[in-house]
1. From the list A:Val151, A:Val157, which one is crowded, with 18+ Cβ neighbours inside 10 Å and farther than 29 Å from A:Val287 by Cα?
2. Using the structure shown, decide if A:Thr248 is free of Cβ contacts under 8 Å to residues at least 12 places away in the same chain and loosely packed, with under 14 Cβ neighbours inside 10 Å.
3. For the list (1) touching a residue at least 40 places away in the same chain (Cβ under 8 Å); (2) loosely packed, with under 14 Cβ neighbours inside 10 Å; (3) within 13 Å of chain A (Cβ to nearest Cβ); (4) under 16 Å from the mean Cα position of the chain (by Cα), I need the number of the one condition that B:Glu21 fails.
4. Could you look through region A:1-42, keep only residues that are of a type in the set (Gly, Ala, Ser) and assigned to a loop (DSSP other than H, G, I, E, B), and pick out the one that is surrounded by the most Cβ atoms within 10 Å (Cβ to Cβ)?
5. Looking at (1) in a loop (DSSP other than H, G, I, E, B); (2) surrounded by 15 or more Cβ atoms within 10 Å (Cβ to Cβ); (3) at pLDDT 80 or above, find the lone condition where A:Ala328 falls short.
6. Under 8 Å by Cβ, and 6 or more places apart or on different chains, what pairs join a residue from region A:7-28 that is farther than 16 Å from B:Glu7 by Cα and more than 10 Å from chain B (Cβ to nearest Cβ) with one that is among the β-branched types (Val, Ile, Thr) and in a helix (DSSP H, G or I)?
7. Can you find, within region A:147-169, the residue that is nearest to the chain's Cα centre (by Cα) among those that are among the hydrophobic types (A, V, I, L, M, F, W, C) and over 23 Å from A:His75 (Cβ atoms)?
8. Can you find a residue in region B:37-50 that is more than 11 Å from chain A (Cβ to nearest Cβ) and either under 10 Å from the mean Cα position of the chain (by Cα) or closer than 21 Å to A:Asp11 by Cβ (or both)?
Amino acid sequence: MVAADTLLVVDDDREVLEMLALRLRAAGLHVDTAASGFRALERLRIAPPQIIVCDVRMPGMSGYDLCRLIRNLGHDDIPFIFYSVMGSRPERLAGLRVGADDYVAKVPDPEELVLKVKAQLQRRRRLLTLQQDTMAGPRLMRGSLGEITAVDLVQVVDLLGLGGIWIRVESARLGRSQIHVNDDREVVHASAGALQGAKAFFRILASTEGEFSIDRAPFEGVPQSLGSLAKCLLEGVAHIDEYRQIQTLLRSLGGSYDLHTPDLGSCGIRIDQIRHLVETYHDLDVVLNLSTLTDLESARIVLELFQAGVITPRTGGVSTPGAKATRAPETLP
Amino acid sequence: MAELTKEQVETIESLRRAFRERLPHRVEEVVAAAGDLLGPGEWERPKLEALFHLVHRLTGSSGIYGFTRMSHEAGALEALVTRALEENLPATAPLRAELRRLVLTLSQTGAEDAPLQKAEGTKSEG
C-alpha cells in the first residue's frame, strides 16, 4: 500500500531508478518506482501517488503519453514533473502542454528536483485546503510568498477553475500588483506598480517574496484581455526558470551597470535599445521596466552585453529613481 | 538539500563503482549497434531505434551517476540519432561520417575521465 505523500518515479532505466530513488529518499521523501508507463498506471490504479516524476523518452509509452493519460483519467490533482536529459524550450513546452507541472534536467545532484517536488507537494496541500475553503467567503487565501510561489498561486487558481477573482501580491520590489481572472477564466487585468498587461503578469508570476491574497470580487474597470489563464500560465512557466537564473546572476553582479564601449555602432534595434537604456539609466530594474522587449529577452541581452564586456558593473552602485516604472509591452516572453 | 549520511554516501559510491564497471560494456553495445546500422544502403529504422534506445539510456544514466563527459558525448550522439529518426533523414555520406565520428568520440571517452568522488555535502553519523 502506498503511504501518504508518496513520490512515484517512472523511468525505464533501472540504474537511473535505483540511483534517483536513493538520492530522493536521502532527501526525506517516500519513493516508489515504476520501470514503465504501464507499471505507473498500475500503481496509479492501486493507490495514486501524491506526485509523479517521470522520464520523457521511454519505449512503449512515452512520458508525454503517460502524462496525457493520467490527466485524461481525471487525476488533475497529482503534480507531474518531467525529469529528462532533454531540456530545450520546445521540449519543456511539449511537457507542459500535455499537462505537466514542471520540468527538471537529469543531473547527478537532484537538489533542484527535490526542491520542486517539495514545492509541488506544498502547493497540493494548499490546493486541498483551498478546495475546502472555497465556499467560505470572498477571501479565499492569504499569506506570504516563500514556501509557496506566485506560480503556485496562479496554478492553484487554474487547477480549481476559479473565476471572478483577484490575485494580489505586494512586495518591496514589485509594489502593489494584481491579476484579475474573470468568470470565463481569462486574464483581463494585470498590473505591477506602473506596469500593465503581459509584462506585469510575468513580473507577478516571477515573484518569490511579499504578501499575497486571493479574493473573490468583480472587475469593474476596462478589461484588457491577455488570453486564457491557462495560456498565460503556460507561457510564463516555460520562461520563468531561465529568467530567474539570469536575474540572480545579474543581481549578483551588482544590478547596476555602465556602458563600457559606447561607440560600437548599431547592433540591431533590440540590442541598441538595451544598450541605450543601460547607458541612460544603469539600473537593471529600470532597464527591464522601460524595455519594449519581454523581461526574459531584455535580461538575456543584458547578460550577453555583460559577457561581451560591453557593459560593466557600476562601481558604487547608483540607485536610480523610477525603478517601478512605466511602459507595459503586451507580449509575454 | 539535506546532507547525506556516511552510509548513504557509501551506498552511492558503491553504486557508482558498479556502474563504472558496466560502462565499457554499455559503450560497446552502442558501438556494436552503430556498426550494425552503418551497413550499406539506407538506415533500417529498427536498427536506428535500437541505437537510439541504447544511447538514450547511456546519456541519462551516465549523467545521473556523475559521468558528465560520457553523458555529454552520448547526448551528442543521441541528438543526431533523434534527428535522423524524427526527420527521416537519408543515410547520406556526411551524416554517416558524423555518426561515425560521434561513436568514435564516445568510445574514446573512458570512465576514468570521471573519477569517483566523494559525494558533496556529506556528514558522518558516527
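The values are calculated or read from the model by the stated rules, or taken from the named source; none is laboratory data. Source: prediction; values computed, not measured. Positions of Cβ are backbone-derived with ideal geometry, glycine not excepted, and every protein chain shown enters the neighbour counts.
1. Matching residue, one of A:Val151, A:Val157: A:Val157.
2. Yes; evaluated as a whole, the condition is true for this residue.
3. Looking at each condition in turn, B:Glu21 falls short on (1).
4. Among those that are of a type in the set (Gly, Ala, Ser) and assigned to a loop (DSSP other than H, G, I, E, B), it is A:Ala27.
5. (3)
6. A:Leu7/A:Val117
7. A:Ala150
8. No, region B:37-50 contains no residue that is more than 11 Å from chain A (Cβ to nearest Cβ) and either under 10 Å from the mean Cα position of the chain (by Cα) or closer than 21 Å to A:Asp11 by Cβ (or both).
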